[in-house]
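See below for the structure under consideration.
The values are calculated or read from the model by the stated rules, or taken from the named source; none is laboratory data. Fair warning: this is a prediction, and the values are worked out from it, not measured in the lab. Cβ sites come from the backbone with ideal geometry, for glycine too, and all protein chains shown count toward neighbours. Ligands, DNA and RNA are stripped out before the accessible areas are found, and what is left, the full protein with its side chains, is counted by its heavy atoms. Shrake-Rupley method; radii C 1.70, N 1.55, O 1.52, S 1.80 Å.
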Amino acid sequence: MRILQVTPTYFSDRSIIGGGERYVTNLCLAALAAAPDRTLACSVLSFSRTRDFVRVQEGLGLHLIPGDPADVASVASGALDDLIAEHDVVHVHQCLSPLGIFAAARARIAGKVVLGTDHGGDLFAELEYYPRLGRLFDVFHAQSDFAAAAFAGLDRPVRLIRGPVDDRMFALATTRRQRGLFVSIGRILPHKGYEHAIAALPRGARLVIAGRIYDRDYFDRLLQAAAGRDVHFETQLGDAEVQHLLGQASLLVHGGTHFGPDGTFYHKPELLALAPLEAMCLGTPAVVSRAGALGELAVLRGCRSYADAQELAAMLEAAAAGDLFALSPAEIRDDAVAQFGLRQFGEHYLALLRESGRWERAA
């Protein structure tokens, strides 16, 4: 079986660096890990100025074809059709966007099995008036209960599979933990809510915010909020440096929010949130808000969720004193891997393809 993952953006300096972009690679790794006897191949398709092929790692490649994801008319449809023809299953990410609907339609015309996952991208407005467009897909996949709500009203089944987090890349950290060192990871954008962690930081604790700057005005606002506090910004860290930082930290703080500091409402701030899961795979506990899907992570013993600023401040005070979590790093990791890791996700993902004869149809 050959699966093509179609995504408007990918995890690279040539694209957009973010959790949603890493997610597609994680999904491929999960499927490959669960497939028996190398009976499955997984590729990623995204967009660039010219056609290219990038080897991500052994057994996983990234195909790039010409096109601007924001302009469907610019997509090299012939190149898209060629790659669709080479695969049995087409899994479309940002499936409710105009590009997602376009890719699903091309795959449906080619007679492929078509899956869809939403990552919070712009909704194709016509879906509200023509929900039958959802029938371009065989089934929708949701990575959280919150994400599943995006498919309400579309005449296709929705299957929930939580994760996946790359528990191989984020192995249990062996570095010494620093009590009072808190870390927040993610792009510098208003829906990440870093200002809440800054405001709640207790005396004697240190906060490191690591992420690329995507909104300069918001970053300037954060600099003002951090004045006089032990807050530091790291805006150019690579994967290895992020892992080292998380491995030293005593806590990951993820303050996603539906409301930015200027009052802007964000309907889908987090549909999964990889940063807290990656931290827990390293053995670092996490405190998260209840925006979007974040509160669902509190099913893990290494994660606590807060409802308001007062509760967040109390949790950070307890964490600084070493009183918030009584689990060992290994226990925190084991729980996260069991419920959100590659293997469990891959097994459920392959079962999704098998259900109702879909695997046989694609084989």
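Given a 1.4 Å probe and every protein chain left where it sits, what share in percent of the accessible area of region 264-363 is carbon and sulfur?
The nonpolar share, carbon plus sulfur, comes to 51 percent.
With an 8 Å cut-off on Cα pairs and a minimum separation of 6 or more residues, tell me the relative contact order of region 245-357 in percent.
Reported relative contact order: 24 percent.
Which of rounded, prolate, oblate describes region 77-199, given a ≥ b ≥ c as roots of the alpha-carbon gyration tensor eigenvalues and a/c under 1.5 marking rounded, otherwise prolate only if a/b is larger than b/c?
Prolate.
With all protein chains present, how much of the accessible area of region 202-246 (probe radius 1.4 Å) comes from carbon and sulfur, to the nearest whole percent?
Carbon and sulfur: 43 percent of the exposed surface of region 202-246.
Relative contact order for region 151-224: what percent, with Cα pairs under 8 Å and sequence separation of 6 or more?
Relative contact order of region 151-224: 32 percent.
Run through all the Cα pairs of region 213-269 and give the fraction in each 5 Å bin from 0, expressed as whole percent.
Reading upward from the zero bin: 4, 13, 17, 25, 21, 15, 5, 0.
Hey, got the dipole for the chain? About the Cα centre, +1 on K and R Cβ, -1 on D and E Cβ, debye to the nearest 20?
380 debye
So which cysteines of the chain have no other cysteine's Cβ under 4.7 Å from theirs?
When partners are defined as cysteine Cβ atoms under 4.7 Å apart, the chain leaves C95, C281, C303 without one.
Across region 288-298, in residue order, what do the Karplus-derived ³J(HN,Hα) couplings come to in whole Hz, using 6.51 cos²θ - 1.76 cosθ + 1.60 with θ = phi - 60° and x for Gly and Pro?
Couplings: 10, 6, 10, 6, x, 8, 4, x, 5, 6, 6 Hz.
Could you estimate the translational diffusion coefficient of region 1-83 from the Stokes-Einstein equation, with Rh from the Kirkwood formula over C-alpha pairs, at 37 °C and 0.692 mPa s, in whole µm²/s?
Diffusion coefficient, whole number: 248 µm²/s.
May I ask you to give the solvent-accessible area per residue for the chain, in square angstrom, as obtained with a 1.4 angstrom probe?
43 Å²
Thinking of region 252-292 as a set of Cα atoms, what percent of all their pairs are more than 13 Å apart?
Roughly 53 percent, once rounded to a whole number.
On alpha carbon coordinates alone, what is the Rg over Rh value for region 140-215, Rh being the Kirkwood radius?
Across region 140-215, the Cα-based Rg/Rh ratio is 1.11.
Rank L272, S289, A309 by how far each Cα sits towards the positive end of the charge dipole of region 223-363 (+1 on Lys, Arg Cβ; -1 on Asp, Glu Cβ) and give me just the farthest.
L272
What per residue convex hull volume, in Å³, comes out for region 271-348 when only alpha-carbon positions are used?
81 Å³
Just to check, using Stokes-Einstein with a Kirkwood Rh over alpha carbon pairs, what's the diffusion coefficient of the chain at 25 °C and 0.890 mPa s in µm²/s?
117 µm²/s
Regarding region 123-261, what are the three Cα extents along the principal axes, ordered largest first, in Å?
56, 36, 25
Just the number, please: Stokes-Einstein D of region 182-276 in µm²/s, Kirkwood Rh from C-alpha pairs, 4 °C, 1.567 mPa s.
Rounded, D is 96 µm²/s.
Would you mind finding the longest exposed-site-free stretch of the chain, with exposed GluC sites (Glu not before Pro) meaning DSSP loop and at most 16 other Cβ atoms within 10 Å?
87-363
Taking the dipole about the Cα centre of region 201-263, with the C-beta of Lys and Arg at +1 and of Asp and Glu at -1, give me whichever of F259, L222, G204 is farthest to the positive side.
With unit charges placed on the Cβ atoms, the residue in question is G204.
State, to one decimal in nm, how far the label point of I17 lies from the label point of R156, with both points 7 Å from Cα in the Cβ direction.
Distance between label points: 3.3 nm.
I need to check one value: relative contact order of the chain, counting alpha carbon pairs closer than 8 Å and at least 6 residues apart, in percent.
Across the chain, relative contact order equals 17 percent.
Which loop-located trypsin sites (Lys or Arg not before Pro) does region 165-199 contain, where loop means any DSSP state but H, G, I, E or B and the Cβ has at most 12 other Cβ atoms within 10 Å?
R176
Sum -39500 (n - 2.57) across every DSSP H segment of at least 4 residues in the chain, then divide by the residue count to get the 222 nm mean residue ellipticity, nearest 500.
After summing the helix terms and dividing by the residues of the chain, the value is -9500 deg cm²/dmol.
Tell me, how many Å apart are the Cα centres for region 198-273 and for region 1-32?
Measuring centre to centre over Cα atoms gives 24 Å.
When the accessible area of region 1-124 is split by element with a 1.4 Å probe, what percent falls to carbon and sulfur?
In region 1-124, the share of accessible area belonging to carbon and sulfur is 50 percent.
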